[in-house]
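Working notes, structure below.
Derivation of every value follows stated rules applied to the coordinates shown; laboratory data play no part. Please read all numbers here as calculations on a predicted model, not as lab measurements. Cβ coordinates were reconstructed from backbone atoms using ideal geometry, including for glycine residues, and neighbour counts include every protein chain displayed.
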Amino acid sequence: MHISAKADYAVRALVELAADSAQPQTCEGIATTQGIPFRFLKSVFRDLRSAGLVRSQRGCEGGYWLGRDAGAITVAEVMRAVDGEFFTLRGERLDDVTYPGTARRLPDTWRAVETAAYGILGAVTLADLVEAEPAGTYEPGGGTGPDAAAAVTV
């Protein structure tokens, strides 16, 4: 599985916005804080703005804010906003993939992987990431602990 730089940068930038929503933040400030190339982040913000995940204001008092509450924006939604389809195989949607003969069941495996990943990433919100304990385990939906069914190390 490949997570694009664009998706990684988008989530990191939105977590920065979620962590301090009292005032707008500049693209340059977020790029510096997160170590993201400024020009690349500008193009990422264009996609995020088109998807309604951020809003912006020009001028001295300008910058970016989240377009919605941090608890209502999932990692999966951010990834889809900047990369398009959640999972593809050689550019094809997994729904459309079929193989002949003995490999006919393989597309079912790819679809199961997509479903599992979407289940995790679709349950993690920006608010969850801001509130998560550093270097701990994170359970989508709020709790942390070793018995978490879908624990993710952060």
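Here, the chain has an Rg and a Dmax of 17.4, 63 Å when only alpha carbons are counted. When the helices of the chain are scored as -39500 (n - 2.57) per DSSP H run of n ≥ 4 and the total is divided over every residue, the value at 222 nm lands at -13000 deg cm²/dmol.
Near the amide H of ILE36, within less than 5 Å, lie no amide hydrogens of residues on another chain or at least 5 residues away, with H placed in the peptide plane.
Taken one residue at a time, the phi angles of region 89-105 give Karplus couplings (6.51, -1.76, 1.60, θ = phi - 60°) of 10, 6, x, 9, 5, 5, 4, 9, 8, 9, 10, x, x, 5, 8, 4, 8 Hz. Gly and Pro are set to x.
How big is the dipole moment of region 1-119 about its Cα centre under a simple scheme where the beta carbon of each Lys and Arg is +1, that of each Asp and Glu is -1, and everything else is neutral? Debye, nearest 20, please. Spell out each step's value before the answer.
On the way: 15 positive and 15 negative charges, 50 e Å.
Taking the Cα centre of region 1-119 as origin, the dipole is about 240 debye.
Near THR98, once Lys and Arg are set to +1 and Asp and Glu to -1 for all other residues with Cβ below 15 Å from its Cβ, the sum equals +1.
Enumerate by residue number the GluC sites (Glu not before Pro) in region 1-79 meeting two conditions: DSSP loop (anything except H, G, I, E, B), and at most 10 other Cβ atoms within 10 Å of the site's Cβ. Working shown, then result.
Working: sites: GLU16, GLU28, GLU61, GLU77; in loops: GLU61.
Passing sites in region 1-79 are GLU61.
Here the Gaussian network model covers the chain, with springs between Cα atoms less than 10 Å apart; of LEU126, LEU17, LEU106, LEU106 fluctuates the most. Under a 5 Å amide H cut-off, with hydrogens placed 1.01 Å from N, VAL54 pairs with ARG49, GLY67 among residues at least 5 apart or on other chains.
Sorting check: for 65-73, 88-96, which peptide has the highest mean count of neighbouring beta carbons within 10 Å, and how do the rest follow?
Working: 65-73: 16.1, 88-96: 11.1.
Highest to lowest by the protection proxy: 65-73, 88-96.
Coupling constants for region 71-81 follow from the phi torsions by the Karplus curve (6.51 cos²θ - 1.76 cosθ + 1.60, θ = phi - 60°), and in residue order they are x, 10, 10, 9, 4, 4, 5, 5, 4, 5, 5 Hz; glycine and proline get x.
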